[in-house]
1. What are the pairs with Cβ atoms under 6 angstrom where one residue, in segment 110-125, is free of Cβ contacts under 8 Å to residues at least 40 places away in the same chain and the other, located anywhere, is surrounded by fewer than 18 Cβ atoms within 10 Å (Cβ to Cβ) and in a strand (DSSP E or B)? Sequence gap at least six, or different chains.
2. Please work out if I40 is among the hydrophobic types (A, V, I, L, M, F, W, C) and within 16 Å of the chain's Cα centre (by Cα).
3. Would you be able to say whether some residue in segment 64-85 is of a type in the set (S, T, Y) and either free of Cβ contacts under 8 Å to residues at least 24 places away in the same chain or surrounded by 15 or more Cβ atoms within 10 Å (Cβ to Cβ) (or both)?
4. Working only within segment 22-60, note down all residues that are under 17 Å from R151 (Cβ atoms) and surrounded by fewer than 20 Cβ atoms within 10 Å (Cβ to Cβ).
5. How about segment 126-152: which of its residues are free of Cβ contacts under 8 Å to residues at least 24 places away in the same chain and not hydrophobic (A, V, I, L, M, F, W, C)?
6. Among L103, L129, which is over 19 Å from S38 (Cα atoms), at pLDDT 95 or above and among the aliphatic types (A, V, I, L, M)?
7. Of everything in segment 87-100, what is touching a residue at least 60 places away in the same chain (Cβ under 8 Å) and farther than 17 Å from M37 by Cβ? Give them in sequence order.
8. Pick from segment 11-21 the residues that are touching a Leu at 6+ places or on another chain (Cβ under 9 Å) and over 13 Å from G123 (Cα atoms): which of them is surrounded by the fewest Cβ atoms within 10 Å (Cβ to Cβ)?
Amino acid sequence: MVKTYRRTTMGLIIDVLEFDRGVETVEDASRESGEPMSKIVKTLLLKANDEYLVAIVRGDRAINFEKLSRVLGKHVTMAKAKEVRQVLGVDVGAVTPLSDRVLSLRIIMDPSVLENEYVLCGGGSRNTLIKVNTMGLVNLLKPMFTDAFERA
């Protein structure tokens, strides 16, 4: 069962979807929401040497770390779970791009996200998703687009 309500946050009109079950993986989010994995986006915390950055990745795609490291000129890895908690203030599976902490970091985005009019992203808890207009999200995040992503 899903409870949905509309609200405005960070200047964006969003639909908040609260589920009885966890939606912390792309597979779970797709199953519970009924949306294809290509309309789900992952918000991932990365570490490039000693800098943290955020990647917004379409659910059916993955980061090519070798390519991304070349693009950024730094060795890039996934942040550890404790770093996600420390830097973003939430646990893995609850990260949302609509966060002041995310906005304070450099953000990179998978260009294929733009193929969707709207996307579902993490909502700040393990059982919440946010449906948001893609261009609204892009305008808020002001990400750097790079082709360092590939089919998962």
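1. Close Cβ pairs (under 6 Å, with a partner that is surrounded by fewer than 18 Cβ atoms within 10 Å (Cβ to Cβ) and in a strand (DSSP E or B)) amount to P111/F145.
2. Numbers: among the hydrophobic types (A, V, I, L, M, F, W, C): yes; within 16 Å of the chain's Cα centre (by Cα): yes.
For I40, the condition - among the hydrophobic types (A, V, I, L, M, F, W, C) and within 16 Å of the chain's Cα centre (by Cα) - is met.
3. Pass one, segment 64-85, residues of a type in the set (S, T, Y): 69, 77.
If we keep only those that are either free of Cβ contacts under 8 Å to residues at least 24 places away in the same chain or surrounded by 15 or more Cβ atoms within 10 Å (Cβ to Cβ) (or both) as well, we get 69.
Yes, some residue in segment 64-85 is of a type in the set (S, T, Y) and either free of Cβ contacts under 8 Å to residues at least 24 places away in the same chain or surrounded by 15 or more Cβ atoms within 10 Å (Cβ to Cβ) (or both).
4. The answer is E27, S30, P36, M37, S38, L44, D60.
5. If we filter segment 126-152 for residues that are free of Cβ contacts under 8 Å to residues at least 24 places away in the same chain, which is where we start, we get 134-135, 139.
Scanning segment 126-152 gives T134, N139.
6. Numbers: L129 fails: over 19 Å from S38 (Cα atoms).
So the residue among L103, L129 that is over 19 Å from S38 (Cα atoms), at pLDDT 95 or above and among the aliphatic types (A, V, I, L, M) is L103.
7. Taking segment 87-100 and keeping what is touching a residue at least 60 places away in the same chain (Cβ under 8 Å), we get 92-94, 98.
Once the filter is applied, which keeps residues that are touching a residue at least 60 places away in the same chain (Cβ under 8 Å) and farther than 17 Å from M37 by Cβ, segment 87-100 yields V92, A94, L98.
8. Top of the filtered list is G11.
The values are calculated or read from the model by the stated rules, or taken from the named source; none is laboratory data. Treat the numbers as computed from the prediction; the structure is a model and nothing was measured. Ideal geometry is used to build each Cβ from the backbone, glycine not excepted, and the neighbour counts take in all protein chains shown.
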